[in-house]
Protein chains: 2
Amino acid sequence: MRIVTVDLGERSYPIYIGQGLIDQIGPYFQRHGISTKSPLLIVTDELVAFHHLHRVEKQLASAGFQTVTKIVKSGETSKSLTVFEEVMTTAIQGGLDRSSTVVALGGGVVGDLAGFVAASYMRGIKFVQVPTTILAHDSSVGGKVAVNHPLAKNMIGAFHQPELVLYDLDTLQTLPPRDVSAGLSEMVKHGLIQDGDFARWCRDHAAELLSLDPEALGYGLERGCSIKAAVVSRDERENDLRAILNLGHTIGHAIEAVGGYGEYLHGEAISIGMAGSALLAVKLGRDESIYDETVSMLTSLRLPVKMANHLSTDDIMAAMMHDKKFKEGHMLFIIPDSIGSVSIVKDVPEQLVRDVIDQLREGGEIHV
Amino acid sequence: MRIVTVDLGERSYPIYIGQGLIDQIGPYFQRHGISTKSPLLIVTDELVAFHHLHRVEKQLASAGFQTVTKIVKSGETSKSLTVFEEVMTTAIQGGLDRSSTVVALGGGVVGDLAGFVAASYMRGIKFVQVPTTILAHDSSVGGKVAVNHPLAKNMIGAFHQPELVLYDLDTLQTLPPRDVSAGLSEMVKHGLIQDGDFARWCRDHAAELLSLDPEALGYGLERGCSIKAAVVSRDERENDLRAILNLGHTIGHAIEAVGGYGEYLHGEAISIGMAGSALLAVKLGRDESIYDETVSMLTSLRLPVKMANHLSTDDIMAAMMHDKKFKEGHMLFIIPDSIGSVSIVKDVPEQLVRDVIDQLREGGEIHV
């Protein structure tokens, strides 16, 4: 069993990573002061409920916890204010009080939704995450919770730290291969921003990671969570440093948006975005090997590094402008200086970004 | 000009109370670090907009601030997730960024709604209150912000402290007499819980207060805010002490709910609730003068101390049970020990509460 501590003063919390943890969920909850006197709300989605809900409910019941459960539809559409209000209805009808806890059983969508419910039910109650995807190793560190507004993603939310995170590697065994790769995208990102050796380790252990080998996966999640935790503990509310975690996200978010959130998974879009940032780095004068090595790492994890031809450069540029407010003619990007180190660059010429997007296409030629 | 400081460490903020403050709103904002570079969102309601919006917008524009405005319907119905999402839409379309500020221009409803928008837009931006009711002196201290769920009031919210509160006494001059009395209900409540002399001062200066004399009103608001600020600074997140601020609120909320939120104003319902708490105190063995003196204070401010006959005791009891989770047969109440001092009493027999509600009716006989 591995433990990563997210160090945030009185809001610090542990992430437990290992096998068979759900079978111990009751004792873990009790050890961390989750009350058996007030009802718990479990929030999960249809897919995760099918695989894991019964076991979680049974374990909690046998440890003396009262639970109510809200099952939402799988997918990003559940991160809406409408579904948020439905979850609140379940919470109220289930009699949750100020000593109650919300348990997120699922991936990033469930974590974000349930976390914002916990942050705002009666102005804030306790929150526990039980992630069931690799991608959620990213969202389970740092307390960012949110729902989407029809006009923009993650626009309505809070910073709300969990009491603990219980990462049961066994739940990952049911993930489809595409979700495995997409999850590893954020893992290798943590290496690319702060730890080149870890990024190389991800590439060298791609086969074990892709086949969900518990030893490799456990180490990768521990290292990924640790890197993110170190950044977050220095800048909890994203005033400056925390922005480096957005490597690949400006281009990636735009690709997701222009693709209508159906074409690419978040991790896939971020992967293309990281390839784009590496290409920008080279165009800004960094070593050419940055792009080549980034691409080799991402492709080893079966991640895309170019986007489909039908996504137009104009649309991608417009989506980026909408996502972030850039000063006229210049854009802010997280740019790799080498593998394992990045800078926040505030004055990237818009034309250079446009060139990169043009070249970041299937069949497109890369000019460095 | 009077200044009350709400002492909450790094979240401390000043409440300025005086005449003509809106004419100085630009300089006040600048002094408190509100940026002219990012757009401000003004949230107000139709009634307040009619009287004061133009002046606020003009003053801010002349001080170099860019503003967008959302005008909501006057009244409690605007504290819904639907209106909340509409305000968010205005914020996004107006280009608010993470350095922007939400300005609540209005009473408690606008303050609660705009405050929750500020708490959750992009996971939290700055917030300023410009209260235009007497009642808002209560809600502008302590950072409690929320919207209602169809099943329960204030169920969805946050603790989000403003940067400053600008209490311009001139805006109160347009208040209807019934709102004046209802606002004074929370003012005298602050005396009843912590400062008997101030409660008596309210009674002795009822005529000046009811006629909105700026000197009396300024002092009353300053003292009311100070008492609340002292309680809140010792218990920001309502773990224990802060509960004393709920004097009269358990019965009062039930009266509001059973009356369908149209029959009684919040302050009126709380007034009846405070009379009920005083009656409970006497039935629990406290001095009989507590009830008599409480009633004399409330009636001097033209506040009701009994409810309409058609509100049934069963409905009121059921609403209280729904509002708070009480242990079987026993209820928690804030009970006056004398004028200016209260206790949190956890084991008030349900039957005693039922007797009080029975007697708390127009024409009902009081038995102590």
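Structural remarks
- Within the range B:12-95, the percentage of alpha carbon pairs spaced more than 14 angstrom apart rounds to 68%.
- Kirkwood hydrodynamic radius over Cα pairs of the protein assembly as shown, then Stokes diffusion coefficient at 10 °C and 1.306 mPa s, in µm²/s: 57 µm²/s
- Among A:305, B:69, B:192 - extreme Cα towards positive end, dipole of the protein assembly as shown, charges at beta-carbon: B:192
- Residue-normalised convex hull volume from the C-alpha trace of the range B:210-264: 109 Å³ per residue.
- Ascending list, in nanometres, of distances separating the residue A:352 label from those of the other copies (7 Å, Cα toward Cβ): 7.5
- For chain B: span of alpha carbons on each principal axis (Å, largest first): 62, 41, 37
- Once the Cα atoms are used to define both axes, helix B:266-283 deviates from the longest principal axis of chain B by about 30 degrees.
- Ordering of A:57-68, B:108-119 by packing is B:108-119, A:57-68, highest average first (other Cβ atoms within 10 Å, averaged per residue).
- For A:80-91, mean number of other protein chain Cβ atoms within 10 Å: 3
- Those residues of the range B:149-172 for which accessible area with every protein chain present is at least 40 Å² below the isolated value (1.4 Å probe): B:149, B:151, B:155, B:156, B:157
- Length gained when the stretch residue B:55-residue B:8 is fully extended (0.36 nm per residue, less Cα-Cα span): 13.8 nm
- Charge dipole (debye, nearest 20) of chain B; +1 at Cβ of Lys and Arg, -1 at Cβ of Asp and Glu: 1060 debye
- Solvent-accessible surface of the range A:177-359, averaged per residue with a 1.4 angstrom probe and all protein chains in place: 38 square angstrom.
- Along its three principal directions, the equivalent ellipsoid of the range A:93-159 from the Cα gyration tensor extends over semi-axes of 19, 15, 10 Å, largest first.
- Alpha-carbon centroid distance for the pair the range B:19-44 / the range A:269-330, whole angstrom: 40 Å
- Check: the range A:177-359 dipole with +1 on Lys, Arg Cβ and -1 on Asp, Glu Cβ, in debye: 240 debye
- Inter-probe distance in nm under a simple model that places probes 7 Å from Cα toward Cβ, at residue A:208 and residue B:310: 7.6 nm
- Each other copy holds its own label point for residue A:308; taking that point as 7 Å from Cα along Cα to Cβ, the gaps run 6.1 nm, nearest first.
- In the full protein context, the range B:2-174 carries 34 Å² of accessible surface per residue, based on a 1.4 Å probe and ignoring ligands, DNA and RNA.
- Measure of compaction for the range B:171-229 (Cα Rg per 2.2 N^0.38 Å): 1.02
- Using a probe radius of 1.4 angstrom, the carbon and sulfur fraction of the accessible surface of the range A:211-271 is 45%.
- Burial of accessible area (probe 1.4 Å, heavy atoms of protein chains only) in the range B:105-128, relative to its chain alone, reaches at least 50 Å² for B:123.
- Note on residue A:97/residue A:197: beta-carbon distance plugged into 1/(1 + (r/R0)^6) with R0 of 45 Å gives a FRET efficiency of 0.40.
- Between copies, residue B:8 shows label-point distances of 1.8 nm, shortest first, with the point placed 7 angstrom from Cα along Cα to C-beta.
- Principal axis extents of the C-alpha atoms in the range B:2-174 (largest first, rounded to whole Å): 41, 37, 32.
- Cα-derived Rg to Rh of the range A:177-359, Kirkwood definition: 0.95
- On Cα atoms only, tilt of B:177-194 relative to the major axis of chain B in degrees: 70 degrees
- For the range B:65-74, the Karplus equation 6.51 cos²θ - 1.76 cosθ + 1.60, evaluated at θ = phi - 60°, returns couplings of 8, 8, 10, 10, 10, 10, 9, 9, 5, 6 Hz by residue, with Gly and Pro reported as x.
- Annotation: the antiparallel percentage among DSSP beta bridges lying fully within chain B is about 40.
- Lys, Arg +1 and Asp, Glu -1 on Cβ, resulting dipole of the range B:35-177 about Cα centre, debye, nearest 20: 300 debye
- Apportionment of accessible area to carbon and sulfur, the range B:2-174, percent (1.4 Å): 49 percent
- Protein accessible surface hidden between B and A, which excludes ligands and nucleic acids, total in Å², probe 1.4 Å: 2800 Å²
- The angle between the Cα long axis of helix B:214-234 and the main principal axis of chain B comes to about 80°, on a 0 to 90 degree scale.
- The share of alpha-carbon pairs in the range B:231-335 lying farther apart than 18 Å comes to 52%.
- Label point 7 Å beyond Cα of residue B:151 along Cβ direction - residues of the range B:53-97 with amide nitrogen under 18 Å: B:80-82
The values are calculated or read from the model by the stated rules, or taken from the named source; none is laboratory data. Remember, it's a predicted structure, so these values are computed and weren't measured experimentally. A quick note on method: Cβ atoms are made from the backbone with ideal geometry, for glycine too, and the neighbour counts reach across all protein chains shown. Areas reflect the complete protein model, heavy atoms only, side chains present, ligands, DNA and RNA absent. Shrake-Rupley method; radii C 1.70, N 1.55, O 1.52, S 1.80 Å.
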